[in-house]
């Protein structure tokens, strides 16, 4: 087996812990700011979860769990992080949160 860099590296426990800390802090703090702008509660939670999970995934995939030689995947990892962050945020907020099913 060769040590070629992968698009998605193996995520460590430290990466998962940091992801959860950033996600919980973002979902707690960002909706407060978005509610002052007059956005509905569900939209502010969607944006908060999407922004915080995207930032956390970018940090983990490019800084914490990345290895030397992974620089070729830097832009692809950022795009994947944003897509995965906002997709899971939409699923959690609108589908599993009950806003679409009502």
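Here the spin labels are modelled as points 7 Å beyond Cα on the Cα-Cβ line, and at residue 10 and residue 74 they lie 2.5 nm apart. Please list, in order, the residues from segment 6-33 whose amide nitrogen is less than 14 Å from a point placed 7 Å along the Cα→Cβ vector of residue 92. Once the point is set 7 Å along Cα→Cβ of residue 92, 16-31 turn out to lie under 14 Å by backbone N, inside segment 6-33. Computed as a quarter of the hull surface, the mean projected area of the alpha carbon convex hull for segment 13-95 stands at 5.6 nm². Our helix-only sum for the chain, with -39,500 (n - 2.57) per DSSP H run of n ≥ 4 divided by its residues, gives a mean residue ellipticity at 222 nm of -20000 deg cm²/dmol.
Exposure proxy for 14, 68: other Cβ atoms within 10 Å of each Cβ, ordered fewest to most, give 68, 14. In this label model, residue 66 and residue 20 are separated by 2.5 nm, measuring between points 7 Å along each Cα→Cβ vector.
Every number in this text was worked out from the coordinates using simple rules, so none of it is lab data. Predicted, not measured: the structure shown is a model, and the values here were computed from it. Here the Cβ is made from the backbone with ideal geometry for all residues, glycine too, and neighbour counts use every protein chain on show.
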